[in-house]
Every structure is written in C-alpha cells, then in structure tokens.
1. Could you tell me whether segment A:154-170 includes any residue that is in a loop (DSSP other than H, G, I, E, B), away from every other protein chain (no Cβ under 14 Å) and within 26 Å of A:VAL61 (Cα to Cα)?
2. Looking at A:GLU192, A:GLU188, A:GLU174, which is the one that is farther than 22 Å from A:PHE10 by Cα, facing chain B (nearest Cβ under 10 Å) and touching a residue at least 40 places away in the same chain (Cβ under 8 Å)?
3. Taking A:LYS26 as the residue in question, decide whether it is open to solvent by 60 Å² or more (accessible area, probe 1.4 Å), of a type in the set (D, E, K, R) and within 15 Å of the chain's Cα centre (by Cα).
4. Assuming A:LEU232 fulfils every condition listed in (1) open to solvent by less than 10 Å² (accessible area, probe 1.4 Å); (2) away from chain B (no Cβ under 14 Å); (3) assigned to a loop (DSSP other than H, G, I, E, B); (4) closer than 20 Å to A:TYR81 by Cβ apart from one, which condition is it?
5. Cβ-Cβ distance below 7 Å, separation of 6 or more or different chains: which pairs start in segment B:29-55 with a residue that is under 19 Å from A:VAL226 (Cβ atoms) and end on one that is not in a helix (DSSP H, G or I)?
6. Taking the stated definitions as given, is B:GLU102 at pLDDT below 95, under 30 Å from the mean Cα position of the chain (by Cα) and either within 13 Å of chain A (Cβ to nearest Cβ) or assigned to a helix (DSSP H, G or I) (or both)?
7. What are the residues in segment B:5-36 that are of a type in the set (A, V, I, L, M, F, W, C), within 11 Å of chain A (Cβ to nearest Cβ), surrounded by 15 or more Cβ atoms within 10 Å (Cβ to Cβ) and part of a helix (DSSP H, G or I), if any?
8. Give me the strands (runs of 3 or more DSSP E) completely within segment A:1-66, filtered to those with at least 3 residues that are closer than 22 Å to A:TYR95 by Cα, ordered by residue number.
Amino acid sequence: MNLLIIIPAFNEAENIERVVFELQEKNIPYDYVIVNDGSKDDTRKICEKNRFNYIDLHVNVGLGEAIRAGMKYANFHSYDYAIQIDGDGQHNPEYIDKLVSEMQSSGVDIVIGSRFVDKEKPRSLRMFGSNLISTSIKLTTGKKIFDVTSGMRLFNKKMIKKFAYSFHYSPEPETLAYLLKCGVNMKEVQVEMRDRIAGVSAYNHASISAKYMANVLFSILIFQAVRKKEDLS
Amino acid sequence: MSLVLRILLIVAAIATCIWICYKIRKSKVKMGHAIFWIVFSIILIIFAIFPQIAELLASLFGFISASNFIFLFVICALLFKLFTLSIEVSQLGDKVATLSQEIAIRYQDNKNRIANLEDANLASQDTSNITNSNDSQHKSTNSDFPAEEDSNI
C-alpha cells in the first residue's frame, strides 16, 4: 500500500518525537514525511538526531504551504495516497486504516477524519466558526461537511497532483467547497481527536482566527462563484 | 455630493470588483489578497448610494463637503494598503534572503560531505589496489571467487 503520511510541523519540538514514535510503536506500515516549516525551535535538530524522514523548509511558509510541500513530495515519489495529520499528536494514527478502507470501498477522492459525524459539536467560539463555514458550504454546494477544519484528510493520486501544483488549492475548507462544486466526491469518517499536549496552536490569537474566518468565508461565499470550474468527477 | 461623483464612484467600484474577480479566475491573485479590494469597493458603493452617510460623517468630523470626506477616506484606505504591502514586501525580502543564505550554506555542506566521501572511497580503493598487487600480481580479477576458478580448471 503506497501511502504517505504528511506531518507538518511548525515549532513542534515538544511533540514531534511523540508523534513519530507513536507511528513506529503502533507499527503503522506507511511511509511518513515531516515537513519542518521553518521552525524557530529545535524541531529540525530533533528530526536530525532521531534520523526521522523530514524535509526542511528554510523559511516559514504557513500550514497550507507546508502541506503543499508534502503533497509535492508525495507526487515526486509517486505515492498513490497521501494523508495529512497534525504535528502535535492530536490524531491517533490507528484511524488511518479506517480512512483508507473507506476510500477503497467507496472510491471517493477525499476522506476526512471527522469529529462530528456521529457526535454533537460542543458549544464554543471555535465551533461557532466551524458551523459558520459548514453552513456556507451547505449553502453554496448543497452538501454538508461536518468537520470542515479537521487536520486529518486522506487524498488520492488525482488530488495529490491538484493540491501540489494548482494555484488556489490551499488545504483549507474553501478548497473542499470548490472541489464539491467540481464534482469531487468526499466522505467523512468518525475519529476521536486528543487534545494538544504541548506547544501552542497556530490559531490561538483572535486576530489570526478572525483573518482565517474572513478568508474562508469570502472565498466560499464570493470568490467561489467566479472561479473556473473543472470537471473532476 | 454631486451626481457625477456618485456615478463615478459606482462605476469605479464595479470595475474594481470585476477586475479582481477576473484576476482570481486567471489564478493571478490569491483570494486572501482580493478581500481588501472587494470590501473597499462595497464601501464606496454604499457611500455612493446613500450620500447621507458621507454627509453625516463629514459634518461630524467638520469637513466642508461630503466629497472631501470621500476623498480623505479613499486616501486613508489606500495609505493603509500601501503600509501593509510595505510590511509584506519587507518580510518577503527577508525570507528570500534567508532562503538563499540557507540554501548556500547547506549546498556547501553537502558538497563537502560528498567530497569527503569520495576521498575516503578513493583512499580505500588505493589501499585495496596496493594489497592486491602485492599478493597476486598474475591473478585475474576473478580472484574474489576462488571456488569458481578451481572448478574451471
């Protein structure tokens, strides 16, 4: 099975060992690549010391572009599937097989590891934002994605190429909405996510979150309409 | 506010919107960067359709006319954009510099490592050549497989 696990890591010195050791301890039979996104802390040194398989971006390019670097890596080494998981250990790698078997049985192009397929969303500001994005996707595409901001997404070969090289393809909810419009099939699979153990989230500042929301909502509600639609079904 | 100014504002705002949307379609501008121009255009259209707002704000801040207020607003918005762009350009410049420096350092490091490996390789080849020539000057290169040689004979 030709699958690549993409682990973007920005200032994850406290977490990255735990994430990779978990992959090794649980005998996850897939290749992985850590994308060190120009971290200011010791992330690179820790990867080097442990001889992890990592690529090192010399400057910080942001989460989306870091994942795209992983996609380019997957494309270059001709992987058939690529899955992004977070570098902070939120995602249990045992769920990867669940996502893969879902993709193989249903033949969809994207499988999302979702927290809210069977379970209710908790009430918080973050979940209000998630609901807002979810609703605007439903409004524009007619399809419902429950966990739009999930950082655990499995892509097939067709999507790897798109995400690696096409211009507007950031691994964010607006691209999911666009792809739904283009006839790409996606499915959600219920997974459990743990809380971040160490380090800080990239979205813990109000201004960054507000900017993120503005970006996503503008893209889904306004710019979606003017983008060229490809037939990807 | 004169009717001509209002019509001009609307035309300019709509033209801006169409242009930026065209650029998104052509994959020339990131969607995040287009938000400013859309919001800017919408505000101009609101000022043009409801001149009372501009007049109210103008009298509040002590401007002689609403059009003066509009001009100042446009100048401020563009200055703001210029300022943020200036910051962005600085950061991009810094990133390009870091990028080229890091690439240069790591390229040199890789080159040295490869050179060292080649040197070590050559050195080990040399020593094995010397021992070979000392031990067996007339043996063929197949001397690594004595069993095969025996069977041939």
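1. The answer is no, given that none of the residues of segment A:154-170 is in a loop (DSSP other than H, G, I, E, B), away from every other protein chain (no Cβ under 14 Å) and within 26 Å of A:VAL61 (Cα to Cα).
2. Working: A:GLU192 fails: facing chain B (nearest Cβ under 10 Å); A:GLU188 fails: facing chain B (nearest Cβ under 10 Å).
Residue meeting the stated conditions: A:GLU174.
3. no
4. (1) is the only condition that A:LEU232 fails.
5. From segment B:29-55, the pairs are B:MET31/A:HIS168.
6. yes
7. Once the filter is applied, which keeps residues that are of a type in the set (A, V, I, L, M, F, W, C), within 11 Å of chain A (Cβ to nearest Cβ), surrounded by 15 or more Cβ atoms within 10 Å (Cβ to Cβ) and part of a helix (DSSP H, G or I), segment B:5-36 yields B:CYS17, B:ILE20, B:CYS21, B:ILE24, B:MET31, B:ALA34, B:ILE35, B:PHE36.
8. A:3-9, A:31-37
The values are calculated or read from the model by the stated rules, or taken from the named source; none is laboratory data. Keep in mind it's a predicted model, so treat the numbers as computed, not measured. With ideal geometry, Cβ positions are generated from the backbone for all residues, glycine too; neighbour counts draw on all protein chains shown. The area values use the complete protein model at the heavy-atom level, side chains included, leaving out ligands, DNA and RNA. Shrake-Rupley method; radii C 1.70, N 1.55, O 1.52, S 1.80 Å.
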